[in-house]
4 protein chains.
Amino acid sequence: MLKVGIVGGTGYTGVELLRILSQHPEVSIHAITSRNEAGLPVADLFPSLRGRVLLAFSDPATASLDKCDVVFFATPNGIAMHQARSLLEGGVRIIDLAADFRIKDIAVWEKWYGMTHACPDLVAEAVYGLPEINREKIKHARLIANPGCYPTAVQLGFFPLIEAGIVDLDHLVADAKSGVSGAGRKAEVHTLFSEATDNFKAYGVPGHRHLPEIRQGLSQVAGKPIGLTFVPHLTPMIRGIHATLYAQLTAGADLQALYETRYADEPFVDVLPPGAHPETRSVRGSNLCRIAIHRPQGGDTAVILSVTDNLVKGAAGQAVQNMNLMFGLPETLAIDQVPLLP
Amino acid sequence: MLKVGIVGGTGYTGVELLRILSQHPEVSIHAITSRNEAGLPVADLFPSLRGRVLLAFSDPATASLDKCDVVFFATPNGIAMHQARSLLEGGVRIIDLAADFRIKDIAVWEKWYGMTHACPDLVAEAVYGLPEINREKIKHARLIANPGCYPTAVQLGFFPLIEAGIVDLDHLVADAKSGVSGAGRKAEVHTLFSEATDNFKAYGVPGHRHLPEIRQGLSQVAGKPIGLTFVPHLTPMIRGIHATLYAQLTAGADLQALYETRYADEPFVDVLPPGAHPETRSVRGSNLCRIAIHRPQGGDTAVILSVTDNLVKGAAGQAVQNMNLMFGLPETLAIDQVPLLP
Amino acid sequence: MLKVGIVGGTGYTGVELLRILSQHPEVSIHAITSRNEAGLPVADLFPSLRGRVLLAFSDPATASLDKCDVVFFATPNGIAMHQARSLLEGGVRIIDLAADFRIKDIAVWEKWYGMTHACPDLVAEAVYGLPEINREKIKHARLIANPGCYPTAVQLGFFPLIEAGIVDLDHLVADAKSGVSGAGRKAEVHTLFSEATDNFKAYGVPGHRHLPEIRQGLSQVAGKPIGLTFVPHLTPMIRGIHATLYAQLTAGADLQALYETRYADEPFVDVLPPGAHPETRSVRGSNLCRIAIHRPQGGDTAVILSVTDNLVKGAAGQAVQNMNLMFGLPETLAIDQVPLLP
Amino acid sequence: MLKVGIVGGTGYTGVELLRILSQHPEVSIHAITSRNEAGLPVADLFPSLRGRVLLAFSDPATASLDKCDVVFFATPNGIAMHQARSLLEGGVRIIDLAADFRIKDIAVWEKWYGMTHACPDLVAEAVYGLPEINREKIKHARLIANPGCYPTAVQLGFFPLIEAGIVDLDHLVADAKSGVSGAGRKAEVHTLFSEATDNFKAYGVPGHRHLPEIRQGLSQVAGKPIGLTFVPHLTPMIRGIHATLYAQLTAGADLQALYETRYADEPFVDVLPPGAHPETRSVRGSNLCRIAIHRPQGGDTAVILSVTDNLVKGAAGQAVQNMNLMFGLPETLAIDQVPLLP
């Protein structure tokens, strides 16, 4: 049994980790820390966990996370980078669900996140936890930078096109729509029910923190810097990301075959048949990414539709997928639940 | 492995049965029938099941359901009663998720359902599949009448009060609210998104078919006819029933202890601590019924709050609970998933 | 033209007052105050008002509200009671949308609201602003206590039964459901979109502040103290209250005729035909209360269904109705818009 | 007073026309026809209209529409083209909210709509009812082709860029999101509440009927055929369209000034300040189109955000705007209501 710790378990990423890990047959949850809620039974905050998670939140100071095999950080940005080194030195492996280790270029990270980075050397070591591109590295990693929700859906959607070298790399467009849980469980006016329901809006058009992350991932695959316009939107649903991707084709190709081949062995990427339109609810509560490929009117624009559950494949599920890989467990263990529909 | 058949798998009860049964370690799904969709892969209708349910809908005529150990009817009312006898005679056990076998008084059934009953003798034999009141009978039943969604939440909420004999049996009130999935997957104007969202209404106040079913169950426990006002409402959520129950107390009692004792050994009934307000989302996707007990201002009115997921404990989950009991499997097998929150 | 001031215009009651008053032909908005947002153009906070409300929020200290004919308080509880006297003495009439002047029994008010009242004499003078019961007094009032949202829907639903003296006054039940906007525009976790949508729950069952207000109103009509169980619920819609009322009949009566007669001359109370089920969306954005009367299975329980828009008839619309009455304007002026459906 | 008729008043476009026209001071509604609902009081179908629209639906055969000054067709496609000629010859002016007269190229229309056109000559005469481009022609038109909902939001968003000649006309992208009311009031499974809520999906990517309409409008302004990729999506809200438009800039320009100048005199187009993100709810129930202009990271891609209420500016409101223009009434009469927020 793996001994698992969770730092910062009071947000949606935290409760989703708990949902998955409490059903994982090879995991024992050692501690869930929260400075603010120390002492409170976890199930008092999240009634869905009554009878399933019997722990209380513990104070980070006394949680003895150093006794864990692996610690998940489900914290705001800028926390994990201060605690990673001592845990790693104690032999604990780390999966950070925040952004501290995602961007290799420290200057870029510091500009977008508005902080000085505490441990650039660990950024260099960290493995970007997207199994579809980094599976072997993940298996041997001490420190995983778990990808952001938008970057997961967008990169999985663009990879085959870019790997095949058949699109204009200067004018990629990612028009992405997210459920409101992506904004977290903080009390804020703009995500109140009465503000966010029966409403649709773009946000962060001048620049969103997931832009450099996506750009880094796609550029790496392309072998040179790519140009991307990324527009996120808030849509009145709890879970789900729908990325609509546009790319100008510069060469002919059987796009459907390209995607099917690329993802043939991926347990969590499902390439839909031609003409399909994936729905976010078709992956609700699951670790799947479903993708459909279109070329409207046979023109030179490829339209890729990519959907995920932002809290699962976009966060907690992918984190457990990484954990499974790191510890030699079956990759799909505890994250192979059938989506909840309707 | 149990060989299982499903008759009428194109509605919400059907897809929920498939979600649960496809993850059940002791079940092999033999056939899912649909007259209209015969030949269509199940996953084409329900994209959530892609890669998990590989069967196509089969024609009822050729599905050889007689080779199953158990057949679930997820059909409209009035279908199972015509097919039950021949299956039973062939040794197949039956769980009917519709209403055909729920009401013992044939005249009452015929009045509320507007049909002549095809097999009154089987109604007499059928066991009402509410494990919390009928567990032992269910274990040996050939034919289960799976309870309705409202009746499950309302009866579990009222049972302890009535068993204790401490309430006015003539003036019980059940004010119940249901998610829209309770109305099924039929194309109808009043359950369109643009009609049902951002809206709330009562319906069926003059009389709803679940009234005689609840009345029968409560009267049986009371040992005499009870008087109940039952008002169902449609609330803009997909899943969930919230029953708010009112009863006039006729004797003193420690209500909290009463409920905790009554349900101490029930795996799927969770009595909340005093002062709690259960939320429907705390049971989303799970087979749980959570109950809270109130006595506002210490007066003589008990207020019981009871929540379930109408598609799970109110339908498919309870059906699998019954199947597990009938075949000597662990009662919670495949229906012990943690609720999906948020 | 009436010169109108609004104190505390940053909540939902505030924006709704502005929506109505900006379209009122006899009103000129003199000032909208907000300590926190002073200087901010109102339309920057509420984009729906761009081009229609050109004012900025002003500091309460410099807003010269004493130059207004009437001032609306759209503030939290406990604010208006500190500012009312000086405005009244300056000849300004006041409509308080909070609870400061609603409860005549000061001790009861102080218990439920947890504050010492600043001006009990003004409570004695204040007129409870429910035109259907107090129209003549409202016309001559200096100070209006605008009713709460639940109390409006519940009282209008119960009045005819109680006035007729045909129900058991000791066991009235009001099961009420509210849209989330009733909880206001404060940043709180429990009203976040991801907490409140696809969910249903009761709250405040042990005691809600609207209980003493309803009890006072119904007792006044009954001529003696009534017994009421009041259970509010949160339902995932923005606007709307649906009150489901239960009363035991103690005498025969033509209930439909009773209601139709009682409300025959009321411009904002619509008694539906027998058998109807009012929907909250049928009053969305309007000042209407629609009511239907049921007596299920001809028994001795009356079930009354009463719907309003909590922000209009339950708050801002009723406030303008009171203003119209106070200043001799046509009662329906600016609040006779057709509801928005779908 | 204008005598107005409505053909086909049972859908969302119909009820929205009735909402607006019943509050129009210069209109008298002569008849609302419906073959299926003839005889039914309109308010029985749309409870929001109780007390405001006292008419019943009338049979088309006996409705004497020839006595009207203007007739609105709120019918499915392919109806108005069969009835237009005789009405026009009788001196009745026509506003068709369906697509019969929108596409000038008859072959294109017949391909996308799958019908033979009944009156190509009237298509030639018909004026496309987008006042922002055709105001003068509309004033003198007998027959108006009222624009589609997507085309209104997309064209208003693209016009200034195309008129200025500063974008690559071969690779325009319109990623559009619509509320579910855009799919109409037909009973269909895919727009059921339980299918459409908490879900997001694209549809019609291979080709949507609004594509040729948008292409025609933009090509006309461009003076040559433009290339457009148009991807519509269904988002879980009732009303609202959000168009996110992408264009490659081929020349420098002050985009903000360009839009502000272009729409300076338009009563229903609101250009937001730089950096803004319009929300669909900011136009809910109103005839406004709000537009924001972005150029992320100062690159060569312009991102235009354009929102409307699909039932108002995208249908019924624009139809009334056209009527006002045709009959010399103030253009904003009865369609200048403040949006409903929250």
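Things worth noting here:
- Residue count for the stretch D:135-165 satisfying the condition of being in a loop (DSSP other than H, G, I, E, B) and of a type in the set (Gly, Ala, Ser): 3.
- Residue in the stretch A:274-287 that is in contact (Cβ under 8 Å) with a residue 60 or more places away in the chain and among the small types (Gly, Ala, Ser) present: no
- Residue in the stretch B:60-80 that is in contact with a Lys or Arg (Cβ under 8 Å, 6 or more places away or on another chain) and either modelled with pLDDT under 95 or not assigned by TED's automatic domain parsing to the domain that holds B:Leu21 (or both) present: yes
- Some residue of the stretch D:109-119 being open to solvent by 20 Å² or more (accessible area, probe 1.4 Å), within 20 Å of the chain's Cα centre (by Cα) and at pLDDT 95 or above: yes
- Identity of the residue in the stretch D:169-196, touching a helix residue (DSSP H, G or I) at 6+ places or on another chain (Cβ under 6 Å), at the interface with chain B (Cβ under 8 Å from one of its Cβ atoms) and outside any helix (DSSP H, G or I), that ends up least open to solvent (accessible area, probe 1.4 Å): D:Leu192
- Among the residues of the stretch A:84-108, just one is in contact (Cβ under 8 Å) with a residue 60 or more places away in the chain, open to solvent by 10 Å² or more (accessible area, probe 1.4 Å) and under 16 Å from A:Asp69 (Cβ atoms), namely A:Arg93.
- Figure legend. Inter-residue proximity from the stretch B:205-227: first residues within 17 Å of B:Tyr246 (Cα to Cα), second residues among the basic types (Lys, Arg), beta-carbon distance below 8 Å, spacing 6+ or different chains. Indicated pairs: B:Ile226/B:Arg215.
- Any hit, the stretch B:216-234, residues being within 14 Å of chain D (Cβ to nearest Cβ) and in contact with a strand residue (DSSP E or B) (Cβ under 7 Å, 6 or more places away or on another chain): yes
- When the stretch B:307-342 is limited to residues that are in contact with a Cys (Cβ under 6 Å, 6 or more places away or on another chain) and within 12 Å of another protein chain (Cβ to nearest Cβ), the one that is surrounded by the fewest Cβ atoms within 10 Å (Cβ to Cβ) turns out to be B:Asn310.
- Pairs are defined by a Cβ separation below 7 Å, a sequence spacing of at least 6 or placement on different chains, a first member in the stretch C:39-57 that is at the interface with chain D (Cβ under 9 Å from one of its Cβ atoms) and among the β-branched types (Val, Ile, Thr), and a second member that is in a loop (DSSP other than H, G, I, E, B) and open to solvent by 20 Å² or more (accessible area, probe 1.4 Å); the pairs so defined are C:Val53/C:Ser22.
- Any chance C:Arg52 is at pLDDT below 95 and assigned to a loop (DSSP other than H, G, I, E, B): no
- Looking across the stretch D:197-215 at every residue that is open to solvent by less than 10 Å² (accessible area, probe 1.4 Å), part of a loop (DSSP other than H, G, I, E, B) and within 14 Å of chain B (Cβ to nearest Cβ), the one that is nearest to D:Asp309 (Cα to Cα) is identified as D:Phe200.
- Residue within the stretch C:249-258 that is open to solvent by less than 10 Å² (accessible area, probe 1.4 Å) and in the same structural domain as C:Gly182 (by TED's automatic domain parsing) present: no
- Hits in the stretch D:228-248 - residues which are of a type in the set (Val, Ile, Thr) and either assigned by TED's automatic domain parsing to the domain that holds D:Trp109 or open to solvent by less than 10 Å² (accessible area, probe 1.4 Å) (or both): D:Val231, D:Thr235, D:Ile238, D:Ile241, D:Thr244
- Where D:Pro267 falls short, out of the listed (1) away from chain C (no Cβ under 14 Å); (2) surrounded by fewer than 23 Cβ atoms within 10 Å (Cβ to Cβ); (3) more than 22 Å from D:His294 (Cα to Cα): (1)
This table checks each residue for (1) acidic (Asp, Glu); (2) in a helix (DSSP H, G or I); (3) more than 14 Å from chain A (Cβ to nearest Cβ).
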{"position": "B:His242", "(1), (2), (3)": "no, no, no"}
{"position": "B:Gln248", "(1), (2), (3)": "no, no, yes"}
{"position": "B:Ala253", "(1), (2), (3)": "no, no, yes"}
{"position": "B:Pro274", "(1), (2), (3)": "no, no, no"}
{"position": "B:Arg281", "(1), (2), (3)": "no, yes, no"}
{"position": "B:Arg290", "(1), (2), (3)": "no, no, no"}
{"position": "B:Val303", "(1), (2), (3)": "no, no, yes"}
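- Looking only at the stretch C:65-83, and only at residues there that are closer than 21 Å to C:Arg209 by Cβ and part of a loop (DSSP other than H, G, I, E, B), the one that is most open to solvent (accessible area, probe 1.4 Å): C:Pro76
- Residue pairs meeting the criteria (Cβ under 8 Å; at least 6 apart or on separate chains; first more than 13 Å from chain D (Cβ to nearest Cβ) and under 19 Å from C:Ile79 (Cβ atoms), in the stretch C:19-34; second basic (Lys, Arg) and surrounded by fewer than 17 Cβ atoms within 10 Å (Cβ to Cβ)): C:His30/C:Lys3; C:His30/C:Lys67
- Of the residues making up the stretch C:23-49, those that are among the charged types (D, E, K, R) and either in contact with a Ser or Thr (Cβ under 7 Å, 6 or more places away or on another chain) or not in a loop (DSSP other than H, G, I, E, B) (or both) are C:Glu37, C:Asp44.
- Across the stretch A:1-49, the qualifying residues are those that are basic (Lys, Arg) and at pLDDT 95 or above, and the one among them that is nearest to A:Ser64 (Cα to Cα) is A:Lys3.
- Any hit, the stretch D:34-53, residues being crowded, with 24+ Cβ neighbours inside 10 Å, farther than 23 Å from C:Ile335 by Cα and not aromatic (Phe, Trp, Tyr): yes
- Flag for C:Thr62 being on the phi < 0 side of the Ramachandran plot, surrounded by fewer than 20 Cβ atoms within 10 Å (Cβ to Cβ), free of Cβ contacts under 8 Å to residues at least 40 places away in the same chain and hydroxyl-bearing (Ser, Thr, Tyr): yes
- Unique match (being at negative phi, among the hydrophobic types (A, V, I, L, M, F, W, C) and touching a residue at least 12 places away in the same chain (Cβ under 8 Å)) among B:Ala264, B:Ala315: B:Ala315
- Which numbered condition D:Ile133 misses (of (1) open to solvent by 10 Å² or more (accessible area, probe 1.4 Å); (2) more than 30 Å from A:Ala176 (Cα to Cα); (3) assigned by TED's automatic domain parsing to the domain that holds D:Leu21): (3)
- The criterion of being open to solvent by 30 Å² or more (accessible area, probe 1.4 Å) and within 22 Å of C:Arg295 (Cβ to Cβ) does not hold for C:Pro225.
The values are calculated or read from the model by the stated rules, or taken from the named source; none is laboratory data. All figures in this text were calculated on a predicted structure; none of them were measured in a lab. No Cβ is skipped: glycine too gets one built from the backbone with ideal geometry, and neighbour counts run over all protein chains shown. These area figures cover heavy atoms from the full protein model, side chains too; ligands, DNA and RNA do not enter into them. Shrake-Rupley method; radii C 1.70, N 1.55, O 1.52, S 1.80 Å.
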